[in-house]
Amino acid sequence: MNFNEYQEKANRTLLGNEQVLTNCALGLAGESGQVVNLVKNYTFRGSELDKDELTKEMGDVLWYLSQVAEWADIPFDDIARRNIQSLEKRYPEQTN
């Protein structure tokens, strides 16, 4: 599955039609916080890293990112491609 296919499938589960951007941005912040909490507890509290929970929370982050992009009419593949281009410029010695 490519990013655009993911974005299209994920959009089918978007509920509501008001304040979509705000809802998705706030959801993104909340789900990112869940990822941060898992890492914090692993790093500083000696908790085991629950990879299943981490995968779930990162999937939630991905969903919200895809819906912000959908709202802004930005193909998700374009976001991934431009990010790789930026990384290649920033770290040219580490590109393959």
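Between Asn17 and Ser86, what is the label-point separation in nm under the 7 Å Cα-to-beta-carbon projection?
3.3 nm
Relative contact order for segment 15-96: what is it in percent, counting Cα pairs under 8 Å that are at least 6 residues apart?
Dividing the mean separation by the residue count of segment 15-96 yields 31 percent.
Reachable lysines from Lys56, Cα under 25 Å, same-chain residues fewer than 8 places away excluded?
Lys9, Lys40
Would you mind telling me which residue in Gln34, Gln19, Gln67 has the biggest mean-square fluctuation in a Gaussian network model of the chain, where springs connect alpha carbons within a distance under 10 angstrom?
Highest fluctuation among the options: Gln19.
Would you please classify the overall shape of the chain from the alpha carbon gyration tensor, given that a ≥ b ≥ c denote the square roots of the eigenvalues, rounded means a/c under 1.5, and beyond that prolate means a/b larger than b/c while oblate covers the rest?
Taking the square roots of the gyration eigenvalues as a ≥ b ≥ c, the chain is oblate.
So which DSSP H runs in the chain come out at 20 Å plus along the axis (Cα) with average Kyte-Doolittle of at least 0.0?
Long hydrophobic helices here: 20-44.
Every read-out reported here was derived from the displayed coordinates using simple, explicitly stated rules and does not represent laboratory data. The model shown is predicted, which means the values in this text are computed figures rather than measured ones. All Cβ positions, even for glycine, are placed from backbone atoms using ideal geometry, and neighbour counts span all protein chains on display.
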